[in-house]
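The values are calculated or read from the model by the stated rules, or taken from the named source; none is laboratory data. Worth saying up front: this structure is predicted, and the values here are computed from it rather than measured. Backbone-built Cβ (ideal geometry, glycine too); neighbour counts: all protein chains shown. Side chains are part of the model used for accessible areas, which takes the heavy atoms of the whole protein and leaves out ligands, DNA and RNA. Shrake-Rupley method; radii C 1.70, N 1.55, O 1.52, S 1.80 Å.
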Amino acid sequence: MPVRTTGGTGPVATTKPAPQETEEVDKVDKVDKVDKVDETDETDDLGPDPDEARHLNSPLLLTLLLLTAVMLQDPIRGALSAPVMQSWMTVFVAVLVQALPFLVLGVLLSAAIAVFVPPSFFARALPKRPALAVPVAGAAGAVLPGCECASVPVAGALVRRGVTPAAALAFLLSAPAINPIVLTATAVAFPGAPEMVLARFVASLLVACAMGWLWHRLGRTDWLRPPDRPSYDGRGKGAAFWGSVRHDVMHAGGFLVVGAMAAATLKAVVPEEWLRAAAGNPVLSVLALAVLAVLLSICSEADAFVAASLTQFSLTARLTFLVVGPMIDLKLFAMQAGTFGRAFALRFAPATFALAVVVSALTGTVLL
């Protein structure tokens, strides 16, 4: 063992770490590794991941549901043969059959425009002055034949490309309400009231422009959070197109089914005297259908057929339903909050709702 001296002291021995301690550390490491291997083996023995198990059991669940339906076919057939259910099914199927072609056409066209038409096209077409850009952007909403699901990402792209937020918001509100698909569907749904098409166009455009100007005067930049990236960044045109189609079909189609079910329920289940009481009061009828439009969240390409089935209500009340729905509903609030921020949605949505109700009621009083 080597020795060394320190100052005037005697030799001091240097010691090495005890080999026993090193051996004990190695043994502990080996034991830990063995325990981890054992845990892995035990985990493997437990079977597949719970998510995978649920995925694998989905066909079994569907089979059980089908078997249950077969076993209960007599009670189900008896329930469906009841007059109330027959009336419900008639209204439900009628609304779906009438609205589905317009929904499919609107989804295809809106996906094509969202993918193949660059947002810079709209930026170049708008005037530089915000006061003039707002009505131009509102009128330009007619070139986007799609529902509100498509207008939100397009408006976000406009803001990201430098378009003034007031103009982008006017486009956001007008596009789902005054495009050719929606106006054509409205004309088909109200064949005996062609003035409904003009009233919907005028009221929707007025609300869109008024909200754009209101945001230009009172809006603050810290309320609006521009989107960070394009919706189809890094994807090919074909993949982006079909992705947009699938998204709109799943969202708009699902809300169409819910809206058709709600319209059928109001028509067949709700007592007639309740509807007459609500429809008999002009103010209450307008407010009731405005709230209903927010709750149902129906695609703008199909809402006219739901409104046409609510024959107990006046044309003015149904016009409010058609103006409010494409501008503010539950799914739109969520999309606006996700795209522009919660601070924006909490201020923009209530103001839009109030202005849409007032303008549609006034427009209906004059034109209908």
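Expressed as a whole percent, the accessible area of the range 247-368 that falls on carbon and sulfur atoms is 74 (1.4 Å probe).
In this structure the range 310-368 gives 35 Å² per residue of accessible area when probed at 1.4 Å with all protein chains present. Taking Lys128, Lys267, Lys331 and ordering them by how much accessible surface each has at a 1.4 Å probe, largest first, produces Lys128, Lys267, Lys331. Rounded to two decimals, the Cα-based Rg/Rh of the range 254-353, with Kirkwood Rh, is 1.00.
Between Rg and the Kirkwood Rh of the range 327-368, both from Cα atoms, what is the Rg to Rh ratio? Here Rg/Rh amounts to 1.14.
How far apart, in nm, are two points set 7 Å out from the Cα along the Cα-to-Cβ line at Leu65 and at Ala193? Label-label distance for Leu65 and Ala193, simple model: 3.7 nm.
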